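To keep things clear, I will list the structure first and then write my remarks on it.
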Amino acid sequence: MSKSLQAIRGMNDILPEQTPLWRYFEGTVAGLLDNYGYRQIRMPIVEFTELFKRSIGEVTDIVEKEMYTFEDRNGDSLTLRPEGTAACVRAALEHGITGGGQVQKLWYMGPMFRHERPQKGRYRQFHQIGLEVFNLEGPDIDAELIILTWRLWAALGIRDAVTLELNSLGTSESRGRYREALVEFLTARLDQLDEDSQRRLKTNPLRVLDTKDANTQAALVGAPQLADYLDDDSRTHFEGLKARLDAVGIPYVINPKLVRGLDYYSKTVFEWVTDKLGSQGTVCAGGRYDGLVEQMGGKPTPGVGFAMGIERLILLLETLDKVPESIARQVDVYLCAFGEAAELAGLALSERLRDALPSLRLQVNAGAGSFKSQFKKADKSGALYALILGDDEISAQTVGVKPLRGQGEQQNIAWDALAEHLATHVAQG
Ligand code: HAM
């Protein structure tokens, strides 16, 4: 196939074999968020470029080198959203839903776009489920966000495979004081820093802390610690969060180097990481952004949130063999009809069955075919039972119910008794 007719590198089709797992994952998360009182919001996937520059920060990797930016026919600069927080804040402001201190607990789901180097767990189109909470400034809501993800990990069976890393970035003032101290310390060791870190020292010095370069890491030994520069309010907030996590029994690791790649954070930042996926091990990440709404033209409005990477969590479920067996079966019953009269009777019967059993997954054979070929299709569908209708069955007003997964012999059931028979047998299968 010519290259221009293939999917773009790093952007994947999610094939029918995979969608049941995606729907299971998304459904599990959505159910949990309903239970905790979060409401879904849906934003466009394209926004004015300016929105991301102003919120994520001009000198971040995302804005500097990863955005899909283009001019539309009006000459406006637009960008495929690289994340959801900026657009969610924009929507909240535009519709006035956070005005007057109104609390909003929102969630969203959908594709995000970053021009990163694709590898396992890192794609150019990927999917996030994100949460954003507005107008709650205490650590209780930071704790709730973490507690509900902890519950989600249990529901998915992956709790043992993830670790919570926490840090506090303080307010922008305390971070400013820390930044000065760090720059002074690193400037004295400039020749030990890798090129990228030398550049970051000038533009975004805190990002030097999460360098992967061994020499730079060595140069950071003995560097000033952010924790020593925290203001009292941030310190109390962080202690409050930790006390709540302790109360629920959620283990965590304090990682003083956790600074995150987006500029809008203040106070709490956190990441859920796993060592089961190689280098792309962060499955869920976020934090507080108390200054962002104001920075984007709104009234001062505290905010906190996170986003999880669906691809990474799906990979983790597969890696740990935690894909529930129940999602593999897509068909309960497959109806085979032989001859035109049987096909017509089968159609009427199957609609009666759908009325009686709305959740029954019933596939009606299409394209006619011999006894052998219809059975083959029934078997391949994964159904528990084949329903068989031919001339004999029509005269007797019965249907043959043939177990396909070794649950006993074929039985002939009267049409009127079929729904009840299937209700008990499919539930047991
Ligand atoms: P983020 O850390 O950039 O934060 O992304 C959140 C999660 O999205 C990551 O932890 C990862 O699981 C997933 N992710 C990011 N990039 C990729 C990629 N290229 N391929 C696959 N998965 C990826 C944010 O986006 C913030 N908006 C989170 C937030 C919400 N903070 C506050 N509210």
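The values are calculated or read from the model by the stated rules, or taken from the named source; none is laboratory data. If you're wondering where the values come from, they're calculated on a predicted model, not measured in any experiment. Neighbour counts run over all protein chains shown; Cβ positions are idealised from the backbone, glycine included. To get the accessible areas, we keep the full protein, side chains included, count just its heavy atoms, and leave off ligands, DNA and RNA. Shrake-Rupley method; radii C 1.70, N 1.55, O 1.52, S 1.80 Å.
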**Report entry** Solvent-accessible heavy-atom area per residue, rounded to whole Å², over the chain at 1.4 Å
**Finding:** 50
Report summary line: Counting all Cα-Cα pairs in the chain, those more than 43 Å apart amount in percent to 30
Report summary line: Highest GNM mean-square fluctuation among Gly249, Gly367, Gly121, for the chain with Cα springs under 10 Å, belongs to Gly367
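Among the listed pairs Lys372/Lys402; Lys257/Lys322; Lys120/Lys267; Lys120/Lys242; Lys105/Lys299, which have their C-alpha atoms separated by more than 22 angstrom in this model?
In this structure, Lys257/Lys322; Lys120/Lys267; Lys120/Lys242 exceed 22 Å between Cα atoms.
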**Report entry** Label-to-label distance, nm, for residues given as Thr236 and Asp34 (7 Å Cα→Cβ offset)
**Finding:** 4.0
Report task. Using the Kirkwood radius over Cα pairs, work out the Stokes-Einstein diffusion coefficient for region 314-429 at 10 °C and 1.306 mPa s, in µm²/s as a whole number. Result -> 107
Query raised in the report: If you project the alpha carbons of region 1-70 onto the principal axes, what extent comes out on each, in Å, largest first?
Result: 41, 38, 19
Query raised in the report: How many nm is it between the label spots at Arg405 and Thr19, if each spot is 7 Å from the Cα in line with the beta carbon?
Result: 2.2
Requested in this report: Once you've got the GNM for the chain with C-alpha springs shorter than 10 Å, pick whichever of Ser172, Ser381, Ser197 has the biggest mean-square fluctuation.
Outcome: Ser381
Query raised in the report: Over region 249-393, what number does the Rg to Rh ratio reach, with both radii from the alpha-carbon atoms and Rh per Kirkwood?
Result: 1.31
Report task. Starting from the Cα of Arg177, step 7 Å toward the Cβ, then list every residue of region 208-242 with an amide N under 11 Å from that point. Result -> 228-233
Query raised in the report: Normalised by the number of residues in the chain, what is the relative contact order in percent for Cα pairs under 8 Å and 6+ residues apart?
Result: 15
Query raised in the report: For labels at Ala368 and Gln217 in the simple 7 Å Cα→Cβ model, what's the distance in nm?
Result: 6.9
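Where the accessible area of the chain is counted over protein heavy atoms with a 1.4 Å probe, how much of it, in %, is carbon and sulfur?
Ligands and nucleic acids excluded, carbon and sulfur give 49 percent.
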**Report entry** Dimensionless Rg ratio for region 91-195, taking C-alpha atoms and the 2.2 N^0.38 Å reference
**Finding:** 1.50
